[in-house]
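Student: Input: one structure, supplied below.
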């Protein structure tokens with residue numbers, strides 16, 4: 001089934017130095033941009049993470065320190081990526097919990113603004129799990145009846161993700177071929193103010209802490225009664241996006 005879109009949508013995948021969103025870095029980014037007329041445009045870059053790539057990670061994606069030593073840093077290509085993603089909605093596989101949060105961390109470290117507010121976000125893995133309750137290789141075999149060759153190669157993964165989404169639309173009549181619907185469908189359980197689930201929303205729509213000794217307490221209440229907790233979080237090993245969210249809340253309290 002051809003994807004019904006009114007705006008460009010970018011399927012993207014990251015290969016990284018690890019899975020810690022706050023600490024790890026991108027070593028490869030691949031993007032498949034699909035235009036409303038069906039035209040496809042590819043973008044792929046190796047990225048120098050400026051930190052060593054662990055041996056166990058190299059064994060997964062086969063990108064070594066030697067491979068990226070002469071590659072640009074993310075900061076050097078950040079504006080180029082933003083230009084490529086102009087007016088694009090975003091889609092990926094496990095993108096809500098990993099690729100988007102880590103991409104936002106890289107943009108923030110590069111001191112470059114990338115706004116998610118007006119973009120539709122679709123996580124193809126979420127559709128897979130909601131519809132069939134399992135990884136990309138299995139999804140590709142299940143939906144496309146093909147073996148995923150060169151798995152963990154970023155471009156192979158993003159092309160497979162694109163094919164899986166189109167096949168999901170063919171398979172499930174209740175899935176609308178509409179980007180807004182798919183975004184809402186994959187994100188209907190995402191009740192978080194940040195991208196890593198540290199700050200959630202309660203039933204009243206208030207931001208609450210989703211970890212630690214104050215879990216379930218509103219951020220406003222905690223920061224008002226325990227002002228040092230804000231400073232602890234800002235100095236702690238939290239993603240930059242989470243820190244941006246709590247900074248916004250702190251400013252509301254002060255105003």
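No lab work stands behind these numbers, since they all come straight from the coordinates. All figures in this text were calculated on a predicted structure; none of them were measured in a lab. Cβ placement follows ideal geometry from the backbone for every residue including glycine, while neighbour counts extend to all protein chains displayed.
Student: What whole number of Å gives the distance from the Cα centroid of region 116-156 to the Cα centroid of region 64-97?
Tutor: 19 Å
Student: Let me ask you something else. When the convex hull of the C-alpha atoms of region 78-127 is computed, what volume per residue in Å³ does it have? Intermediate values should be presented prior to the final figure.
Tutor: Details: hull volume 3.5 nm³, N = 50.
Cα-based convex hull of region 78-127, divided per residue, equals 69 Å³.
Student: Let me understand region 1-78 better: what is its radius of gyration from the alpha carbons, and its Dmax, in angstrom?
Tutor: 15.0, 43
Student: Which semi-axis lengths, in whole Å and largest first, follow from the square roots of five times the eigenvalues of the Cα gyration tensor of region 107-255? Before the final figure, lay out the partial values.
Tutor: Values: eigenvalues 272, 61, 40 Å².
The three semi-axes for region 107-255 are 37, 17, 14 Å.
Student: Report, in cubic angstrom per residue, the convex hull volume of the C-alpha atoms of region 1-144.
Tutor: Details: hull volume 18.3 nm³, N = 144.
Each residue corresponds to 127 Å³ of Cα convex hull volume.
Student: Rounded to the nearest 5, what % of DSSP beta bridges with both residues in region 9-187 are antiparallel?
Tutor: Rounded to the nearest five, the antiparallel share is 70 percent.
Student: Shifting gears a bit: What whole-number distance in Å separates the alpha-carbon centres of region 198-255 and region 4-20?
Tutor: So the two Cα centres are separated by 28 Å.
Student: Can you give the calculated 222 nm mean residue ellipticity of the chain, where each DSSP H run of n ≥ 4 adds -39,500 (n - 2.57) and the sum is split over every residue, rounded to the nearest 500 deg cm²/dmol?
Tutor: Values: 11 runs with 108 residues, N = 255.
Computed ellipticity for the chain at 222 nm equals -12500 deg cm²/dmol.
Student: Running Debye on region 194-255 with equal point scatterers at the Cα sites and no solvent, what base-10 log of I(q)/I(0) appears at q = 0.28 Å⁻¹?
Tutor: Cα-only, vacuum Debye calculation for region 194-255: -1.50.
Student: Can you give the Kirkwood hydrodynamic radius of the chain from its Cα pairs, in Å with one decimal?
Tutor: Working: mean 1/r = 0.0514 Å⁻¹.
This gives a value of 19.5 Å.
Student: For region 158-197, what does the equivalent ellipsoid look like in terms of its semi-axes, each the square root of 5 times an eigenvalue of the Cα gyration tensor, given largest first in whole Å? Don't skip to the answer; put the middle values down first.
Tutor: On the way: eigenvalues 102, 38, 11 Å².
That gives 23, 14, 7 Å for the three semi-axes.
Student: Continuing with this model, one more query. Give the order of 66, 28, 132, 106 when sorted by the count of other beta carbons within 10 angstrom, beginning with the fewest.
Tutor: Values: 66 9, 28 22, 132 14, 106 25.
The fewest-first ordering by Cβ neighbours comes to 66, 132, 28, 106.
Student: Mind checking the full-extension length gain between residue 177 and residue 220? Use 0.36 nm per residue of separation minus the Cα-Cα distance, one decimal, nm. Provide the component values of the computation, followed by the final result.
Tutor: Numbers: separation 43, 0.36 × 43 = 15.48 nm, distance 3.99 nm.
Computed gain between residue 177 and residue 220 is 11.5 nm.
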